[in-house]
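A quick write-up on the structure given underneath.
The values are calculated or read from the model by the stated rules, or taken from the named source; none is laboratory data. In this text the structure is predicted, and so the values were computed from the model without any measurement. Cβ sites come from the backbone with ideal geometry, for glycine too, and all protein chains shown count toward neighbours. Remember, those area values only see protein heavy atoms, side chains included, never the ligands or the DNA or RNA. Shrake-Rupley method; radii C 1.70, N 1.55, O 1.52, S 1.80 Å.
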Amino acid sequence: MYFLIAAALLPAVLLLLYIYRKDCVEREPPRLLAKLLLFGVLSAVPAILLERLLGGMIDLLFGRGLLYTAVSNFIGVALVEEGCKLFFLKRGSWRHPAFDYRFDGIVYAVFVSLGFAGIENVLYVLQYGLSVAGPRAVFSIPGHMAFGVFMGLYYSEAKAFFCVGDLQRSRARLRRALVVPVLLHGAYDFCLSVNSGALTLVFFVLVVLLDVHMLRTVRRCAANDAPMPGTAFSMWNGGPDVRP
């Protein structure tokens, strides 16, 4: 049992170390990161309950078929899971004083996402055995990380606009922090849920493009990390600046 749990958690741990080491300008407090990781684990609880509730409603409303599969994956799974992650992410980090650099939002979102992915992976491996650990390490865990990176990208932009008092753009970026991961997550699951050779091919293309774009985004944002506008660090560098 312990070996199964270790095998399930190892991919998430390796990706956590990767994103942590990319945060070179100002490392985040370990206690904050531990809290966000725990929040990611906790976010799985309401996600499971909501998925079961919505799953029953979607069954009654749509029966079976392609529309059912689309609604189930995009709303019953992707919206629920990414919405729970974003809720716990914002609760755990939005007003924390350490959230003062642009790359911080990506780090925070990845920790929440991989906390969720880690506990999900443990449950799958304990239920189905070691045979699912390999495929999930290659596809599912990096997928959750990618959803977290794009959530964190817009989450940081939302905080930057909030810092300069532009609440309208801040709310718009928060909406993107939910919508973009939901669309990516929903498309990912939908391709796997439909028994179609064409969609299986689309899935593999999507995974490659998603992973490549995610890694490029991480490298670019880490290399161009800068203080949030309106902070003391930002003032030292020439005053408030928001890059949409």
(message) Here is a list: ALA172, ALA198, ALA177. Which entry is of a type in the set (Gly, Ala, Ser) and closer than 21 Å to PHE139 by Cα?
(response) ALA198
(request) Report yes if some residue within segment 153-165 is touching a Leu at 6+ places or on another chain (Cβ under 8 Å) and either open to solvent by 60 Å² or more (accessible area, probe 1.4 Å) or within 23 Å of PRO142 (Cα to Cα) (or both); otherwise report no. (result) yes
(message) I need every pair where a residue in segment 181-192 that is without any contact (Cβ under 8 Å) to a residue 12 or more places away in the chain has its Cβ under 9 Å from the Cβ of a residue that is open to solvent by 30 Å² or more (accessible area, probe 1.4 Å) and assigned to a helix (DSSP H, G or I), sequence separation at least 6 or different chains.
(response) LEU192/PHE139; LEU192/LEU199; LEU192/THR200
(message) Restricting to segment 59-73, count the residues that are open to solvent by less than 50 Å² (accessible area, probe 1.4 Å) and modelled with pLDDT of 90 or more.
(response) 6
(message) Which numbered condition in (1) out of contact with any Ser or Thr (no Cβ under 8 Å at 6 or more places or on another chain); (2) surrounded by fewer than 22 Cβ atoms within 10 Å (Cβ to Cβ) is the only one that GLY76 fails?
(response) (2)
(request) Please work out which one of (1) modelled with pLDDT under 95; (2) open to solvent by 80 Å² or more (accessible area, probe 1.4 Å) is the condition GLN168 fails and give its number. (result) (1)
(message) I need every pair where a residue in segment 5-31 that is under 30 Å from GLY134 (Cα atoms) has its Cβ under 7 Å from the Cβ of a residue that is in a helix (DSSP H, G or I) and open to solvent by 60 Å² or more (accessible area, probe 1.4 Å), sequence separation at least 6 or different chains.
(response) ALA7/LEU130
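Residue by residue, here is whether (1) small (Gly, Ala, Ser); (2) in a helix (DSSP H, G or I); (3) surrounded by fewer than 16 Cβ atoms within 10 Å (Cβ to Cβ) holds:
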site: ARG176; (1), (2), (3): no, yes, no
site: ASN195; (1), (2), (3): no, no, yes
site: VAL205; (1), (2), (3): no, yes, yes
site: ARG219; (1), (2), (3): no, yes, yes
site: ASP225; (1), (2), (3): no, no, no
(request) Name the single residue, out of those in segment 94-144 being open to solvent by 50 Å² or more (accessible area, probe 1.4 Å) and assigned to a loop (DSSP other than H, G, I, E, B), that is nearest to LEU33 (Cα to Cα). (result) HIS96
(request) Collect the residues in segment 32-58 that are among the small types (Gly, Ala, Ser) and either open to solvent by 50 Å² or more (accessible area, probe 1.4 Å) or free of Cβ contacts under 8 Å to residues at least 12 places away in the same chain (or both), keeping them in residue-number order. (result) ALA34, GLY56
(message) What's the number of the only condition in (1) over 15 Å from ALA47 (Cβ atoms); (2) surrounded by 24 or more Cβ atoms within 10 Å (Cβ to Cβ) that LYS85 fails to meet?
(response) (1)
(message) Take the conditions in contact with a Phe, Trp or Tyr (Cβ under 8 Å, 6 or more places away or on another chain), β-branched (Val, Ile, Thr) and open to solvent by 50 Å² or more (accessible area, probe 1.4 Å) and apply them to VAL25. Does it pass?
(response) yes
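Select from segment 78-136 the residues that are hydroxyl-bearing (Ser, Thr, Tyr) and within 21 Å of ARG27 (Cβ to Cβ) and list them in ascending order.
Scanning segment 78-136 gives SER93, TYR101, TYR108, SER113.
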